[in-house]
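The block underneath contains the structure these notes are about, expressed in structure tokens.
The values are calculated or read from the model by the stated rules, or taken from the named source; none is laboratory data. Just so it is clear, the model here is predicted, and its values are computed rather than measured. Note that we place each Cβ from the backbone using ideal geometry, even for glycine, and neighbour counts take in every protein chain shown. The accessibility values were calculated without ligands, DNA or RNA, using every heavy atom of the protein model including side chains. Shrake-Rupley method; radii C 1.70, N 1.55, O 1.52, S 1.80 Å.
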Amino acid sequence: MTELIWEGKYKDGKKVTPVRIALPFQTIETVNESAQQRQKTLDFFAAEPPADFNNKAWRNRLIWGDKKYVLPSLLPEFAGKVNLIYIDPPFNVGSDFSFTATIADHPDTDENEETQFVKEPSIIEQKAYRDTWGKGLDSYMQWFYETTLLLKELLADDGSIYVHLDWHVSHYAKAIMDEVFSYDNFLNEIIWRRKGGSALGTMGKMSAATDTILLYSKSKEYKFNTVYEMPSQDYIEQNFSKVDENGKRFQATVMRSPSPRPNLMYDYKGYKMPPNGWAVTKEKMKEMEEKGMLYFPKEKSKQIYKKLFLDEYKGQPINSLWDDISTLKGKNSEILNYDTQKPEALLERILKISSNEGDLVLDCFCGSGTTAAVAEKLNRRWITCDLGRFAIHTARKRFLGIANLKPFIVQNLGKYERQQWVNAEFESRPGGTEDRIKQEKAYKNFIIELYHAKPIEGYTWLHGAKAGKMIHVGNVDTPVTVDDIKATIKEFWKLVGKEKSAEKNHIDFLGWDFAFDVNETAKQFAAENNVQIHPIKIPREVLEKKAVDQGDIKFYELASLGIKTKTNKLAVSVTLDNFIIPPDDVPEEVQGKITHWSQWIDYWAVDWNYREDTFHNEWQSYRTKQNPKIELTAAHAYEKKGKYTVLVKVIDILGNDTTKAIEVSIG
């Protein structure tokens with residue numbers, strides 16, 4: 001077979017294959033699950049059933065993470081079980097991860113002060129783009145090849161995969177797909193003529209008005225449902241030219257038998273019988289006449305015809321030229337200001353052709369969530385993932401707008417990805433306590449150096465110093481807790497006067513995650529002990545060697561969320577009172593347009609009974625194009641008295657989340 005070769009495909013005479021580290025997923029949020037469903041889930045997992053795809057109470061999945069880690073992590077549970085895959089990979093457009101952020105109008109003024117700005121890709125997103133296009137087509141083809149190898153393993157034997165591309169790389173992708181899925185399993189090259197798209201061309205060549213969608217099956221046994229499209233108005237006027245007494249258009253279709261049969265050879269009202277007889281028996285012919293289904297020509301020398309009414313016509317079987325689906329433009333309600341967004345009609349057609357209700361659909365280039373949204377509406381199960389934080393946020397809001405939405409979960413690889421990174425970056429022999437201590441020390445010194453601080457020795461909770469301030473580095477697999485902060489402050493006071501680096505009553509706490517009550521409880525304890533503390537987020541970019549080598553690491557202070565609560569018997573209300581975020585990613589000219597703290601907030605949700613399992617999204621308010629206002633108060637009625645933990649999650653206009661826990665006494 002002809003083979004496409006590129007730089008990096010082979011190493012030492014063998015094909016380079018994808019990373020196959022399967023990491024456990026962390027569920028960070030459950031959306032749209034009732035209290036009864038939640039309890040059943042808690043009881044279910046407490047019983048520790050076998051982790052089997054067919055036995056678990058199914059939850060659709062929205063996964064935040066790099067597909068090079070997500071796809072191999074899906075394999076243990078989903079290998080050979082995905083019925084349909086649709087991917088819409090980047091076309092080398094240079095802006096795969098940028099997005100348009102919207103700053104809402106000031107809630108208390110009459111003027112419309114809404115404004116927008118383009119948020120450039122984060123370092124981790126830029127890194128993913130470099131991995132894909134860093135060496136031009138060679139790196140793209142290797143990335144595409146490794147991705148399709150994993151997707152083939154996930155695909156069921158009767159499954160199909162659609163790969164949506166444009167003119168930049170479709171011909172290269174076809175050769176790779178032939179190699180991975182076999183030329184014999186190639187089904188169609190679908191041409192989507194983007195109806196309603198721009199007709200502007202480039203000087204010296206024609207405008208590009210089409211995309212290519214490659215369709216492959218995994219085997220010769222695959223699902224394929226015939227889908228019909230309505231013909232053009234010209235076709236209708238030409239072929240459905242007759243109108244009955246009720247004003248209904250119809251087409252006169254022949255009623256001839258393909259072969260002679262005695263019971264079909266009869267005279268009917270003197271009309272000419274076809275050579276092989278009629279298509280139905282005489283009794284059926286009478287029944288059809290009584291129902292107004294027959295067309296009788298004026299001349300009896302002609303044959304009787306059956307009426308095919310336009311409103312009963314299914315249309316013509318779809319072919320591989322799709323020119324009847326419009327792009328998203330103007331005031332279309334689907335538009336989410338996401339550059340690569342595709343129309344739902346396109347995905348609806350794909351899902352109807354190659355899947356049935358209950359089938360599992362995968363899209364590992366989630367974007368604005370079109371594939372999963374259509375799968376939800378068509379009663380398919382779905383998994384979708386994206387590296388872009390804003391893509392995950394956009395998709396979550398989109399799903400919440402779907403009527404009768406089934407519960408879904410938001411996942412990432414979280415601490416497991418970090419554990420893998422620590423073991424790879426700072427070698428340790430398993431089982432050796434001394435080696436594990438050395439590994440932890442190497443990790444914390446590495447973080448301190450990235451923070452442009454100096455490591456210090458001899459302390460349990462204090463690990464470094466910077467400009468007279470002390471530094472604590474949180475563990476890679478656990479959040480920084482209030483108890484951690486209290487212990488660190490106590491150790492700080494023991495070293496005052498002994499440690500020359502401690503020039504200020506100030507400690508920076510660097511952590512991957514923080515307990516929900518850190519910003520309030522811990523700061524209050526620190527203030528009582530005359531110490532200023534700053535919780536600082538360790539960015540995920542630390543895991544990427546290239547970002548570290550290039551000095552692209554930025555640490556950010558946690559946002560601060562103010563909340564007021566009121567209780568009345570069994571009722572509680574929660575009101576957002578203030579929200580302060582470090583505006584590092586927002587241009588200065590845009591910052592000046594934010595005159596009310598609520599303009600930073602795009603979405604917020606509440607878990608009314610948090611039980612340290614995962615965040616259960618039981619109430620939410622969020623901005624949409626149709627309704628840009630956001631509610632600042634949420635209310636809830638409990639069924640019985642008691643103490644409850646209310647967990648509030650706020651997501652800002654850049655897709656970053658801030659969470660705060662509040663204890664309430666009811667009754």
Put one equal scatterer on each alpha carbon of segment 505-647, apply the Debye formula with no solvent term, and list log10 I(q)/I(0) at q = 0.09, 0.12, 0.13 1/Å to two decimals.
-> -0.40, -0.70, -0.81
So, in nm, how far is label Y459 from label I5 when the simple model puts each one 7 Å beyond its Cα toward the Cβ?
-> 5.9 nm
Within 10 Å, count the other beta carbons around each residue, average over each peptide in 448-458, 480-490, and list them highest first.
-> 480-490, 448-458
Describe numerically, in nm with one decimal, the distance between label points set 7 Å from Cα along Cα→Cβ at Y266 and at A635.
-> 7.3 nm
Once Lys and Arg get +1 and Asp and Glu get -1 on their Cβ, which of P539, F446, I304 lies farthest toward the positive end of the dipole of the chain?
-> I304
Which peptide among 551-564, 389-402, 217-230, 606-619 comes first, and what is the full order, when sorted by highest mean count of other Cβ atoms within 10 Å?
-> 389-402, 606-619, 551-564, 217-230
Out of W421, P24, V473 - ranked by how far each Cα lies towards the positive end of the dipole of the chain, with unit charges on the beta-carbon of charged residues - the top one is P24
Per residue, how big is the convex hull around the C-alpha atoms of segment 264-403? Give it to me in cubic angstrom, could you?
-> 207 Å³
Karplus (6.51, -1.76, 1.60) ³J(HN,Hα), θ = phi - 60°, over segment 376-392, in Hz, Gly and Pro reported as x | 4, 5, 9, 6, 9, 7, 8, 10, 9, 9, 7, 7, x, 4, 5, 4, 4
If you take the Cα atoms of segment 345-433, find Rg, then find the Kirkwood Rh from the mean of 1/r over all pairs, what is Rg/Rh?
-> 1.17
Tell me, what ³J(HN,Hα) does each residue in segment 552-560 have, in order and in whole Hz, if you take phi through Karplus 6.51 cos²θ - 1.76 cosθ + 1.60 with θ = phi - 60° and put x for Gly and Pro?
-> 8, 8, 10, 9, 10, 6, 5, 6, 10
Within 10 Å, count the other beta carbons around each residue, average over each peptide in 260-270, 537-547, and list them highest first.
-> 537-547, 260-270
Can you find, among I103, F250, I456, the residue farthest towards the positive end of the dipole of the chain? Put +1 on the C-beta of Lys and Arg, -1 on that of Asp and Glu.
-> F250
So, with +1 on the Cβ of K and R and -1 on the Cβ of D and E, and no other charges, what is the size of the charge dipole of the chain about its Cα centre, to the nearest 20 debye?
-> 1800 debye
Here are several values of Cα extents along the principal axes in Å: (1) 115, 65, 54; (2) 106, 73, 42; (3) 118, 72, 60. Which one was derived from the coordinates shown?
-> (3)
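Can you give the FRET efficiency to the nearest 0.05 for D138 and E557, using r as the Cβ-Cβ distance and R₀ = 51 Å?
0.80
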Name the residues whose placed amide hydrogens come within less than 5 Å of the amide hydrogen of E33, ignoring near sequence neighbours (fewer than 5 apart) on the same chain.
-> N617
Compute the length gained on full extension between H534 and A22: take 0.36 nm times their separation in residues and subtract their Cα-Cα distance, giving the result in nm to one decimal.
-> 180.8 nm
Work out the P(r) tail for segment 134-261: percent of alpha carbon pairs separated by more than 25 Å, whole number.
-> 53 percent
So what J values fall out for segment 514-524 if you push phi through Karplus, 6.51 cos²θ - 1.76 cosθ + 1.60 with θ = phi - 60°, rounded to Hz, Gly and Pro as x?
-> 10, 4, 5, 9, 4, 4, 9, 4, 5, 5, 5
Can you tell me the accessible area per residue over the chain, all protein chains present, probe 1.4 angstrom, in square angstrom?
-> 50 Å²
